[in-house]
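Shown next, in C-alpha coordinates, is the structure this report addresses.
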Amino acid sequence: MRPHGRPHVTPLVAVWRDSLLRDGATPSWAVLRARTKFVRWARSGDHTVRTPAHHPADLAGRRHRKPRPAALPLTIDSVTDSLASPEELAAALDRTGYLADDGLATAGFLALRMGRPLFCEGEPGTGKTALALALATALDRPLVRLQCHEGIDAAQALYEWDFPRQLLHLRALEASGGIDVETAERSLYTERFLLARPLLQALISAPCVLLIDEIDRADDEFEAFLLQLLDEYAVTIPEYGEVRAEQPPLVVLTSNRTREVHDALKRRCLYHWLEHPDLMREVTILRRRIPRIGEVLARQVAEAVQRLRQMDLLKPPGVAESLDWAKALMTLERDELDAASAARTLGAVLKYSEDLDRVRAKLDALFA
(Lines give C-alpha, C1' and ligand atoms only; values in the text may rest on other atoms or scores of the structure.)
Protein backbone atom coordinates (compact mmCIF):
# COMPACT_ATOMS: atom_id res chain seq x y z
CA MET A 1 0.00 0.00 0.00
CA ARG A 2 1.19 3.52 -0.73
CA PRO A 3 1.32 6.02 2.15
CA HIS A 4 -1.84 7.99 2.81
CA GLY A 5 -2.04 11.23 0.83
CA ARG A 6 0.81 10.37 -1.55
CA PRO A 7 -0.29 10.62 -5.20
CA HIS A 8 -0.12 7.52 -7.34
CA VAL A 9 2.12 7.92 -10.40
CA THR A 10 1.88 5.29 -13.11
CA PRO A 11 5.13 3.89 -14.59
CA LEU A 12 4.90 5.62 -17.96
CA VAL A 13 4.07 8.95 -16.34
CA ALA A 14 6.97 8.41 -13.95
CA VAL A 15 9.35 7.88 -16.87
CA TRP A 16 8.14 11.11 -18.49
CA ARG A 17 8.58 12.91 -15.18
CA ASP A 18 12.11 11.53 -14.78
CA SER A 19 13.00 12.58 -18.31
CA LEU A 20 11.99 16.13 -17.44
CA LEU A 21 13.91 16.12 -14.18
CA ARG A 22 17.04 14.21 -15.22
CA ASP A 23 20.32 15.75 -14.15
CA GLY A 24 22.46 17.59 -16.64
CA ALA A 25 19.60 18.55 -18.94
CA THR A 26 19.08 22.09 -20.14
CA PRO A 27 15.30 22.24 -20.56
CA SER A 28 13.53 24.87 -22.60
CA TRP A 29 11.10 27.26 -20.94
CA ALA A 30 8.21 25.05 -22.15
CA VAL A 31 9.72 22.01 -20.42
CA LEU A 32 10.19 24.03 -17.26
CA ARG A 33 6.51 24.98 -17.36
CA ALA A 34 5.60 21.31 -17.83
CA ARG A 35 7.78 20.38 -14.86
CA THR A 36 6.08 23.00 -12.68
CA LYS A 37 2.61 21.83 -13.71
CA PHE A 38 3.55 18.20 -13.03
CA VAL A 39 4.79 18.99 -9.51
CA ARG A 40 1.61 20.92 -8.73
CA TRP A 41 -0.50 18.06 -10.04
CA ALA A 42 1.45 15.45 -8.06
CA ARG A 43 1.12 17.40 -4.83
CA SER A 44 -2.54 18.22 -5.24
CA GLY A 45 -3.86 14.67 -4.95
CA ASP A 46 -6.50 15.55 -7.54
CA HIS A 47 -5.66 13.41 -10.56
CA THR A 48 -8.73 14.13 -12.63
CA VAL A 49 -7.68 14.98 -16.16
CA ARG A 50 -9.76 17.73 -17.70
CA THR A 51 -9.51 18.10 -21.44
CA PRO A 52 -9.97 21.68 -22.69
CA ALA A 53 -12.82 22.06 -25.14
CA HIS A 54 -11.28 24.88 -27.12
CA HIS A 55 -8.16 23.37 -28.63
CA PRO A 56 -7.60 24.96 -32.07
CA ALA A 57 -7.50 21.52 -33.72
CA ASP A 58 -10.87 20.66 -32.17
CA LEU A 59 -12.43 23.92 -33.27
CA ALA A 60 -11.16 23.61 -36.82
CA GLY A 61 -12.18 19.98 -37.08
CA ARG A 62 -8.70 19.03 -38.24
CA ARG A 63 -5.14 19.14 -37.05
CA HIS A 64 -3.01 22.11 -37.94
CA ARG A 65 -0.69 21.53 -40.85
CA LYS A 66 2.90 22.49 -40.21
CA PRO A 67 3.88 24.98 -42.92
CA ARG A 68 6.86 24.10 -45.09
CA PRO A 69 9.77 26.59 -45.19
CA ALA A 70 9.38 28.75 -48.24
CA ALA A 71 10.59 32.04 -49.62
CA LEU A 72 8.36 34.90 -48.54
CA PRO A 73 6.52 36.75 -51.31
CA LEU A 74 6.42 40.52 -51.32
CA THR A 75 2.64 40.70 -51.18
CA ILE A 76 0.07 38.79 -49.20
CA ASP A 77 -1.91 37.41 -52.15
CA SER A 78 -3.70 38.31 -55.35
CA VAL A 79 -6.17 40.50 -53.46
CA THR A 80 -3.43 42.98 -52.65
CA ASP A 81 -2.16 42.81 -56.23
CA SER A 82 -5.55 44.09 -57.38
CA LEU A 83 -5.03 47.24 -55.29
CA ALA A 84 -2.83 49.14 -57.70
CA SER A 85 -2.52 52.42 -55.79
CA PRO A 86 -3.04 54.07 -52.39
CA GLU A 87 -6.24 55.57 -53.77
CA GLU A 88 -7.65 52.11 -54.48
CA LEU A 89 -6.77 50.97 -50.96
CA ALA A 90 -8.45 54.10 -49.54
CA ALA A 91 -11.56 53.27 -51.59
CA ALA A 92 -11.53 49.67 -50.29
CA LEU A 93 -11.25 50.93 -46.72
CA ASP A 94 -14.00 53.47 -47.39
CA ARG A 95 -16.35 50.64 -48.35
CA THR A 96 -15.82 49.15 -44.89
CA GLY A 97 -16.70 52.48 -43.24
CA TYR A 98 -13.10 53.54 -42.45
CA LEU A 99 -12.04 56.91 -43.86
CA ALA A 100 -8.28 57.00 -44.45
CA ASP A 101 -6.47 60.17 -45.45
CA ASP A 102 -3.78 60.21 -48.15
CA GLY A 103 -0.89 59.65 -45.74
CA LEU A 104 -2.47 56.65 -44.03
CA ALA A 105 -3.62 55.11 -47.31
CA THR A 106 -0.09 55.43 -48.69
CA ALA A 107 1.45 53.85 -45.59
CA GLY A 108 -0.99 50.95 -45.72
CA PHE A 109 -0.41 50.44 -49.45
CA LEU A 110 3.37 50.34 -48.99
CA ALA A 111 3.04 47.88 -46.11
CA LEU A 112 1.02 45.58 -48.37
CA ARG A 113 3.30 45.80 -51.38
CA MET A 114 6.62 45.73 -49.52
CA GLY A 115 5.62 43.05 -47.03
CA ARG A 116 6.61 45.24 -44.09
CA PRO A 117 4.82 45.66 -40.74
CA LEU A 118 2.95 48.93 -40.25
CA PHE A 119 3.62 50.71 -36.95
CA CYS A 120 0.77 53.11 -36.11
CA GLU A 121 1.30 55.56 -33.28
CA GLY A 122 -0.95 58.32 -31.99
CA GLU A 123 -3.28 59.48 -29.27
CA PRO A 124 -5.97 57.07 -28.06
CA GLY A 125 -9.09 57.21 -30.20
CA THR A 126 -7.44 58.15 -33.50
CA GLY A 127 -8.43 54.92 -35.28
CA LYS A 128 -5.31 52.75 -35.01
CA THR A 129 -7.06 49.56 -33.95
CA ALA A 130 -9.99 50.25 -36.28
CA LEU A 131 -7.51 50.41 -39.17
CA ALA A 132 -6.48 46.78 -38.65
CA LEU A 133 -10.15 45.73 -38.47
CA ALA A 134 -10.90 47.61 -41.67
CA LEU A 135 -7.88 46.12 -43.47
CA ALA A 136 -8.98 42.61 -42.53
CA THR A 137 -12.47 43.31 -43.90
CA ALA A 138 -11.22 45.03 -47.06
CA LEU A 139 -8.77 42.23 -47.85
CA ASP A 140 -11.28 39.52 -46.84
CA ARG A 141 -8.75 38.00 -44.46
CA PRO A 142 -9.11 36.75 -40.87
CA LEU A 143 -7.98 39.07 -38.10
CA VAL A 144 -5.69 37.67 -35.40
CA ARG A 145 -5.36 40.04 -32.45
CA LEU A 146 -2.76 40.09 -29.70
CA GLN A 147 -3.65 42.53 -26.91
CA CYS A 148 -0.44 43.52 -25.15
CA HIS A 149 -0.23 44.24 -21.45
CA GLU A 150 2.41 44.58 -18.78
CA GLY A 151 4.06 41.23 -18.09
CA ILE A 152 2.97 39.49 -21.30
CA ASP A 153 5.37 36.69 -22.23
CA ALA A 154 5.94 34.16 -25.00
CA ALA A 155 3.61 31.59 -23.42
CA GLN A 156 0.66 33.99 -23.69
CA ALA A 157 1.59 35.26 -27.14
CA LEU A 158 3.05 32.25 -28.95
CA TYR A 159 2.17 28.75 -27.69
CA GLU A 160 1.78 26.39 -24.77
CA TRP A 161 1.79 22.62 -24.49
CA ASP A 162 -1.55 21.15 -23.44
CA PHE A 163 -0.32 19.34 -20.32
CA PRO A 164 -3.67 17.73 -19.27
CA ARG A 165 -4.13 16.24 -22.75
CA GLN A 166 -0.54 15.01 -22.76
CA LEU A 167 -1.10 13.28 -19.43
CA LEU A 168 -4.33 11.70 -20.67
CA HIS A 169 -2.50 10.52 -23.80
CA LEU A 170 0.22 8.88 -21.69
CA ARG A 171 -2.31 7.02 -19.61
CA ALA A 172 -4.11 5.82 -22.75
CA LEU A 173 -0.82 4.55 -24.19
CA GLU A 174 0.01 2.78 -20.96
CA ALA A 175 -3.39 1.11 -20.87
CA SER A 176 -3.04 -0.10 -24.47
CA GLY A 177 0.49 -1.44 -23.89
CA GLY A 178 3.04 -2.41 -26.52
CA ILE A 179 4.72 0.99 -26.92
CA ASP A 180 8.22 1.94 -25.85
CA VAL A 181 9.08 4.99 -23.78
CA GLU A 182 10.92 6.93 -26.50
CA THR A 183 8.02 6.58 -28.93
CA ALA A 184 5.58 7.68 -26.24
CA GLU A 185 7.68 10.74 -25.41
CA ARG A 186 7.98 11.73 -29.08
CA SER A 187 4.22 11.49 -29.47
CA LEU A 188 3.73 14.11 -26.75
CA TYR A 189 5.20 17.01 -28.73
CA THR A 190 3.03 17.04 -31.83
CA GLU A 191 0.45 19.38 -33.30
CA ARG A 192 -2.25 17.55 -31.37
CA PHE A 193 -1.01 18.95 -28.06
CA LEU A 194 0.16 22.36 -29.27
CA LEU A 195 -2.02 25.26 -28.09
CA ALA A 196 -1.53 28.01 -30.64
CA ARG A 197 -1.67 31.53 -29.20
CA PRO A 198 -2.13 34.61 -31.44
CA LEU A 199 1.39 34.88 -32.88
CA LEU A 200 1.62 31.20 -33.79
CA GLN A 201 -1.98 31.24 -35.01
CA ALA A 202 -1.10 34.09 -37.37
CA LEU A 203 1.78 32.09 -38.87
CA ILE A 204 -0.39 29.00 -39.29
CA SER A 205 -3.42 30.79 -40.75
CA ALA A 206 -1.58 33.31 -42.95
CA PRO A 207 -2.47 35.12 -45.10
CA CYS A 208 -4.24 37.11 -42.41
CA VAL A 209 -4.01 40.45 -40.64
CA LEU A 210 -2.08 40.29 -37.36
CA LEU A 211 -2.90 43.12 -34.95
CA ILE A 212 -0.36 43.60 -32.15
CA ASP A 213 -2.31 46.14 -30.13
CA GLU A 214 -0.77 48.62 -27.67
CA ILE A 215 2.79 47.32 -27.93
CA ASP A 216 3.88 50.18 -25.67
CA ARG A 217 2.22 48.39 -22.74
CA ALA A 218 4.49 45.35 -23.12
CA ASP A 219 7.93 44.98 -21.56
CA ASP A 220 11.26 45.45 -23.31
CA GLU A 221 11.87 41.68 -23.27
CA PHE A 222 8.71 41.06 -25.26
CA GLU A 223 9.80 43.57 -27.90
CA ALA A 224 13.03 41.62 -28.30
CA PHE A 225 11.03 38.43 -28.67
CA LEU A 226 9.10 39.95 -31.59
CA LEU A 227 12.23 40.69 -33.61
CA GLN A 228 12.61 37.20 -35.10
CA LEU A 229 8.93 37.09 -35.96
CA LEU A 230 9.05 40.41 -37.81
CA ASP A 231 12.34 39.52 -39.53
CA GLU A 232 11.51 36.02 -40.75
CA TYR A 233 7.82 35.40 -40.04
CA ALA A 234 8.99 32.23 -38.34
CA VAL A 235 9.43 30.93 -34.81
CA THR A 236 11.32 27.96 -33.40
CA ILE A 237 9.67 25.67 -30.86
CA PRO A 238 12.41 23.61 -29.17
CA GLU A 239 10.39 20.39 -28.86
CA TYR A 240 8.67 20.72 -32.23
CA GLY A 241 10.84 22.60 -34.72
CA GLU A 242 10.47 25.67 -36.87
CA VAL A 243 7.08 27.03 -37.90
CA ARG A 244 7.28 29.38 -40.88
CA ALA A 245 4.42 31.20 -42.57
CA GLU A 246 3.87 30.12 -46.17
CA GLN A 247 2.81 33.71 -46.81
CA PRO A 248 3.56 36.56 -44.39
CA PRO A 249 0.66 38.08 -42.49
CA LEU A 250 0.03 41.79 -42.74
CA VAL A 251 1.23 43.00 -39.33
CA VAL A 252 -0.20 46.16 -37.77
CA LEU A 253 1.37 47.34 -34.51
CA THR A 254 -0.27 50.12 -32.51
CA SER A 255 1.07 52.33 -29.74
CA ASN A 256 -0.47 55.09 -27.63
CA ARG A 257 3.07 56.28 -26.83
CA THR A 258 2.82 55.71 -23.10
CA ARG A 259 6.53 54.90 -23.47
CA GLU A 260 9.04 54.92 -26.30
CA VAL A 261 9.28 51.71 -28.30
CA HIS A 262 12.84 50.60 -29.06
CA ASP A 263 14.43 51.61 -32.34
CA ALA A 264 15.23 47.98 -33.21
CA LEU A 265 11.51 47.26 -33.48
CA LYS A 266 10.64 50.46 -35.30
CA ARG A 267 13.37 49.91 -37.91
CA ARG A 268 11.58 46.76 -39.05
CA CYS A 269 8.34 48.65 -39.69
CA LEU A 270 6.87 51.40 -41.78
CA TYR A 271 5.82 54.21 -39.46
CA HIS A 272 2.75 56.43 -39.47
CA TRP A 273 1.52 58.93 -36.89
CA LEU A 274 -2.29 59.23 -36.71
CA GLU A 275 -3.75 62.62 -35.88
CA HIS A 276 -7.27 63.36 -34.76
CA PRO A 277 -9.49 64.05 -37.81
CA ASP A 278 -10.26 67.59 -38.85
CA LEU A 279 -13.77 68.98 -38.59
CA MET A 280 -15.11 67.93 -41.98
CA ARG A 281 -13.64 64.44 -41.75
CA GLU A 282 -15.12 63.95 -38.28
CA VAL A 283 -18.54 65.04 -39.51
CA THR A 284 -18.23 62.53 -42.34
CA ILE A 285 -17.24 59.79 -39.90
CA LEU A 286 -20.26 60.53 -37.71
CA ARG A 287 -22.62 60.49 -40.68
CA ARG A 288 -21.09 57.26 -41.97
CA ARG A 289 -21.03 55.35 -38.69
CA ILE A 290 -24.41 56.63 -37.44
CA PRO A 291 -26.66 56.79 -40.52
CA ARG A 292 -29.68 58.12 -38.56
CA ILE A 293 -27.88 61.18 -37.20
CA GLY A 294 -28.95 64.55 -38.56
CA GLU A 295 -26.49 66.84 -40.30
CA VAL A 296 -26.95 69.60 -37.70
CA LEU A 297 -26.30 67.34 -34.71
CA ALA A 298 -23.31 65.69 -36.42
CA ARG A 299 -21.70 69.06 -37.08
CA GLN A 300 -22.43 70.37 -33.57
CA VAL A 301 -20.91 67.27 -31.95
CA ALA A 302 -17.84 67.45 -34.18
CA GLU A 303 -17.35 71.16 -33.47
CA ALA A 304 -17.73 70.63 -29.71
CA VAL A 305 -15.20 67.77 -29.73
CA GLN A 306 -12.76 69.89 -31.74
CA ARG A 307 -13.00 72.63 -29.08
CA LEU A 308 -12.56 70.10 -26.27
CA ARG A 309 -9.34 68.85 -27.87
CA GLN A 310 -7.94 72.36 -27.76
CA MET A 311 -8.44 72.52 -23.99
CA ASP A 312 -5.83 71.33 -21.51
CA LEU A 313 -7.50 68.00 -20.68
CA LEU A 314 -6.00 64.88 -19.14
CA LYS A 315 -7.66 62.75 -21.83
CA PRO A 316 -8.76 64.60 -24.96
CA PRO A 317 -11.70 62.84 -26.64
CA GLY A 318 -11.11 60.66 -29.67
CA VAL A 319 -13.37 59.56 -32.48
CA ALA A 320 -14.79 56.77 -30.33
CA GLU A 321 -15.93 59.35 -27.77
CA SER A 322 -17.46 61.49 -30.52
CA LEU A 323 -19.51 58.51 -31.65
CA ASP A 324 -20.57 57.70 -28.09
CA TRP A 325 -21.60 61.30 -27.47
CA ALA A 326 -23.68 61.44 -30.63
CA LYS A 327 -25.36 58.12 -29.81
CA ALA A 328 -26.11 59.29 -26.26
CA LEU A 329 -27.77 62.47 -27.55
CA MET A 330 -29.82 60.51 -30.06
CA THR A 331 -30.88 58.08 -27.34
CA LEU A 332 -32.22 61.08 -25.41
CA GLU A 333 -33.98 62.18 -28.61
CA ARG A 334 -31.96 65.37 -28.95
CA ASP A 335 -31.72 66.87 -32.42
CA GLU A 336 -29.32 69.63 -31.37
CA LEU A 337 -26.46 69.99 -28.91
CA ASP A 338 -26.73 72.85 -26.41
CA ALA A 339 -25.16 73.58 -23.03
CA ALA A 340 -27.93 71.83 -21.09
CA SER A 341 -27.81 68.57 -23.08
CA ALA A 342 -24.01 68.67 -23.09
CA ALA A 343 -23.92 68.95 -19.29
CA ARG A 344 -26.14 65.87 -18.95
CA THR A 345 -24.09 63.73 -21.37
CA LEU A 346 -20.47 64.79 -20.75
CA GLY A 347 -19.76 61.37 -19.26
CA ALA A 348 -19.95 59.92 -22.77
CA VAL A 349 -17.07 62.05 -24.01
CA LEU A 350 -14.91 62.79 -20.92
CA LYS A 351 -13.56 60.07 -18.63
CA TYR A 352 -11.80 61.94 -15.82
CA SER A 353 -13.45 63.92 -13.04
CA GLU A 354 -10.88 66.71 -13.39
CA ASP A 355 -11.78 67.08 -17.07
CA LEU A 356 -15.49 67.09 -16.25
CA ASP A 357 -15.06 69.89 -13.70
CA ARG A 358 -12.91 71.93 -16.08
CA VAL A 359 -15.38 71.66 -18.96
CA ARG A 360 -18.52 72.24 -16.86
CA ALA A 361 -17.02 75.54 -15.68
CA LYS A 362 -16.74 76.67 -19.32
CA LEU A 363 -19.85 75.16 -20.87
CA ASP A 364 -21.53 78.50 -21.55
CA ALA A 365 -18.43 79.78 -23.33
CA LEU A 366 -18.06 76.59 -25.35
CA PHE A 367 -21.62 76.79 -26.67
CA ALA A 368 -21.90 80.56 -26.94
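Within segment 289-303, the set of residues being among the charged types (D, E, K, R) and in contact with a Leu (Cβ under 7 Å, 6 or more places away or on another chain) comprises Arg289, Glu303. Inside segment 128-150, residues that are in a loop (DSSP other than H, G, I, E, B), on the phi < 0 side of the Ramachandran plot and surrounded by fewer than 18 Cβ atoms within 10 Å (Cβ to Cβ) make up a count of 3.
When the criteria are applied in full, Thr129 meets the requirement of being under 12 Å from the mean Cα position of the chain (by Cα) and of a type in the set (S, T, N, Q).
Among the residues of segment 278-295, write down those that are among the hydrophobic types (A, V, I, L, M, F, W, C) and either closer than 23 Å to Asp102 by Cβ or modelled with pLDDT of 95 or more (or both). Don't jump to the end; show me each part of the working.
Just the residues of segment 278-295 that are among the hydrophobic types (A, V, I, L, M, F, W, C), to begin with: 279-280, 283, 285-286, 290, 293.
Across segment 278-295, the qualifying residues are Leu279, Met280, Val283, Ile285, Leu286.
Taking segment 338-354 as the range and being of a type outside the set (A, V, I, L, M) and in contact with a Phe, Trp or Tyr (Cβ under 8 Å, 6 or more places away or on another chain) as the test, the residues that pass are Asp338, Thr345.
Of everything in segment 84-127 that is of a type in the set (Val, Ile, Thr) and in contact (Cβ under 8 Å) with a residue 40 or more places away in the chain, the residue that is surrounded by the most Cβ atoms within 10 Å (Cβ to Cβ) is Thr126.
Exactly one residue out of Ile179, Ile212 is over 21 Å from Thr106 (Cβ atoms) and surrounded by 14 or more Cβ atoms within 10 Å (Cβ to Cβ), and it is Ile212.
Considering segment 104-142 alone, what residues qualify as being among the aromatic types (Phe, Trp, Tyr) and farther than 24 Å from Leu227 by Cβ? Before you say what the answer is, go through the steps one by one.
First pass over segment 104-142, keeping only residues among the aromatic types (Phe, Trp, Tyr): 109, 119.
Within segment 104-142, Phe109 is the sole residue that qualifies.
Is it true that some residue in segment 151-168 is part of a loop (DSSP other than H, G, I, E, B), in contact with a Ser or Thr (Cβ under 6 Å, 6 or more places away or on another chain) and not aromatic (Phe, Trp, Tyr)? No, the conditions are met nowhere in segment 151-168. Being crowded, with 17+ Cβ neighbours inside 10 Å and assigned to a loop (DSSP other than H, G, I, E, B) holds for only one residue in Glu239, Glu260, and it is Glu239. What single numbered condition from (1) within 31 Å of the chain's Cα centre (by Cα); (2) within 17 Å of Phe367 (Cα to Cα); (3) among the acidic types (Asp, Glu) fails to hold for Glu321? If we test Glu321 against (1) within 31 Å of the chain's Cα centre (by Cα); (2) within 17 Å of Phe367 (Cα to Cα); (3) among the acidic types (Asp, Glu), just (2) comes out false.
If the condition is being in a loop (DSSP other than H, G, I, E, B), hydrophobic (A, V, I, L, M, F, W, C) and modelled with pLDDT under 90, then segment 201-236 contributes only Ala206. Taking first residues from segment 348-368 that are exposed (fewer than 14 other Cβ atoms within 10 Å of the Cβ) and partners that are outside any loop (DSSP other than H, G, I, E, B), the Cβ contacts under 6 Å between residues at least 6 apart in sequence or on separate chains come to Asp364/Ala339. In segment 186-197, of all residues being surrounded by fewer than 17 Cβ atoms within 10 Å (Cβ to Cβ) and outside any loop (DSSP other than H, G, I, E, B), the one that is farthest from the chain's Cα centre (by Cα) corresponds to Arg186.
The values are calculated or read from the model by the stated rules, or taken from the named source; none is laboratory data. Small disclaimer: the values here were computed from a predicted structure and weren't measured. We place every Cβ from the backbone using ideal geometry, glycine too, and count neighbours over all the protein chains shown.
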